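Report on one structure; see the data block that follows.
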Amino acid sequence: MVTATIFGSLILLMLIRAPIAVALGLSSVLGLIISGIDLQIAAQRLLSTNNSFPLLAIPFFILAGEIMSTGGMSRRLVNFAGSLVGHLTGGLGAVAILGSSFFAALSGSNAATVAAIGGVMNAPMEEKGYRPQYTAAAIAAAGVTGMIIPPSILLILYGVVTGVSIADLFLAGLLPGIVICLSMLALNWFMTRREGIEKTEFQGLTGIWDSFRAAFLPLLMPVIILSGIYGGVFTPTEAAIVAVLYGLIVGFIYRELTLKDLYKAFQKAVLSSAVVMFIMNSAGVFAWLITINQIPQSISAYLASVAGGPILYLLLVNIFLLFVGCIMNAAAAVVIFTSILYPAAMSFGIDPILFGIIVSVNLSIGTVTPPLGVDLFIASAITKVPIEKIVTTIWPYIGVLLIDLLIITYFPPVSLFLVQLFG
């Protein structure tokens, strides 16, 4: 009765397009009433969800990404990417993809990556003759690496929920992010080689060196973060604060970060953080409620009995999370469904770090999958291309991402090699 009420009301509220945080909160309150639990518990759980030091990393990494995007650093990263791949077939599409991967290492967010790189790349791609719907699709798809390449907000949430080392999760996200980037570069080349798009002249080694020097300080930030974490200098949460300070310093060094820009960056970061934490709070109450009703344990036991082994279980997890990613906010999905799926994964002996990467990749793909893929809406707003036209163009990218997901799922060294080497 309680299970049907909780999930039934959640689905109903989502169908009538209630915001995900509101849907989670209301379905949780209804579940508490049916369970005979004092509603004061809801307020207590809202507060206790935020009582986590690692969660402080989220608003600071969001702020760091906003500072980087407004301080001229996204443009410098794009210029460096252009010197490397801009002269190839589909060069500007490749620049958008590679530039997104660079920026993902600064922001930790798909949405921030799409907004920053899309704002820089839209006009140049249009001038070179790229079809508007292809430009929008490439920009949206390229943002997927934002939740995989460290620092990743999804990996932070997964680490908070499961207790898995966030530092190890960051390290594990590097190679999967590179694999996804390379596969999308290959697809971009294949899709654009018959378009007759004019190539950009190769800048030569001098051009590469000049653009590298201009982008050196932004490129140095992820190196500082990861080396500082693994060198024991600071924790992932402290690394987020270091990222903010570093972004401020670099922005003022380049003299491209004004006080007005800084105000806008803080304003956007506050709004984004508030949205994420509101979702986290509601998801925390929901996760607590289903846990005390033994729902995760029952579902986990059922999935374990149906799957019979890790190979089929991971396939079922992928199918389930791909569906969830299409209809639910990724942050909420991590908090709710990790607690359901994680116990069975551990019973099958699946590495918890690998499982975290699998969860993040699945939900990242959801950000470019209709009907609720947030990156599609951001790309549409930037390029002024209707959502339906982007959807018809982005399917090849989604297909490649699904192949990448299978590789990451069933070839663990892609995720675990660096962890085993440096962990």
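Helix 110-127 axis versus longest C-alpha principal axis of the chain: approximately 30°, rounded to the nearest ten. Using the average count of surrounding beta-carbon atoms within 10 Å as a protection proxy, the listed peptides 90-103, 357-370 rank, highest first, as 90-103, 357-370.
Stretch LEU205-PHE323 to full length: gain in nm at 0.36 nm per residue minus the Cα-Cα span?
Between LEU205 and PHE323, full extension yields an extra 37.9 nm.
If you take the Cα centroid of region 241-267 and the Cα centroid of region 152-175, the two points sit 26 Å apart. Between ALA43 and LEU182, the FRET efficiency estimated from the beta carbon spacing at R0 = 56 angstrom works out to 0.75. Round to the nearest 10 and give me the degree value, 0 to 90, for the angle of helix 132-142's Cα axis relative to the longest principal axis of the chain. Value to nearest ten degrees: 60. In this simple spin-label model, placing a label point 7 Å from the Cα along the Cα-to-Cβ direction at both ARG255 and THR3 gives a separation of 6.6 nm. Would you mind telling me the share, in percent, of accessible area of region 249-395 contributed by carbon and sulfur at probe 1.4 angstrom? Here it works out to 72 percent. In the elastic network of the chain, a GNM with C-alpha springs shorter than 10 Å, the most mobile of PHE170, PHE234, PHE411 is PHE411. Compute the label zone of ALA301 within region 335-350: residues whose backbone N is under 17 Å from the point 7 Å along Cα-to-Cβ. The answer is 340-348, whose backbone nitrogens lie closer than 17 Å to the label point. The C-alpha atoms of region 280-369 occupy a region whose extents along the principal axes are 32, 32, 21 Å, arranged from largest to smallest.
The packing ranking of peptides 402-409, 32-39, highest mean first, is 402-409, 32-39, where packing means the average number of other beta carbon atoms within 10 angstrom of each residue.
Computed over the Cα atoms of region 1-100, the ratio of the radius of gyration to the Kirkwood radius (Rg/Rh) comes to 1.27. Accessible surface computed residue by residue for the chain, with neighbouring protein chains in place and a 1.4 Å probe, gives 41 Å² per residue. Helix 330-347 and the long axis of the chain differ in direction by around 60°, with both axes built from C-alpha atoms.
With contacts taken as Cα pairs under 8 Å and at least 6 residues apart, the chain reaches a relative contact order of 25 percent. Each label was represented as a point 7 Å from its Cα along the Cα-to-Cβ direction; for TRP395 and ARG131 these points are 1.3 nm apart.
Given the pairs LYS128/LYS268; LYS128/LYS389; LYS128/LYS264; LYS264/LYS384, which span a C-alpha to C-alpha distance of over 27 angstrom in this model? Pairs exceeding the cut-off: LYS128/LYS268; LYS128/LYS264. Placing +1 on the Cβ of every Lys and Arg and -1 on the Cβ of every Asp and Glu, with nothing else charged, gives region 1-132 a dipole about its Cα centre of roughly 180 debye. In units of the compact-protein estimate 2.2 N^0.38 Å, the chain shows a Cα radius of gyration of 0.97.
Extending 7 Å from the Cα toward the beta-carbon at both PHE216 and ASN51 defines two label points whose distance is 4.8 nm. A protection proxy built from the mean count of other Cβ atoms within 10 Å ranks the segments 255-262, 325-332, most packed first, as 325-332, 255-262.
The values are calculated or read from the model by the stated rules, or taken from the named source; none is laboratory data. Everything quoted here is computed from the prediction, not taken from an experiment. Virtual Cβ from ideal backbone geometry, glycine too; neighbours counted across all protein chains shown. The accessibility values were calculated without ligands, DNA or RNA, using every heavy atom of the protein model including side chains. Shrake-Rupley method; radii C 1.70, N 1.55, O 1.52, S 1.80 Å.
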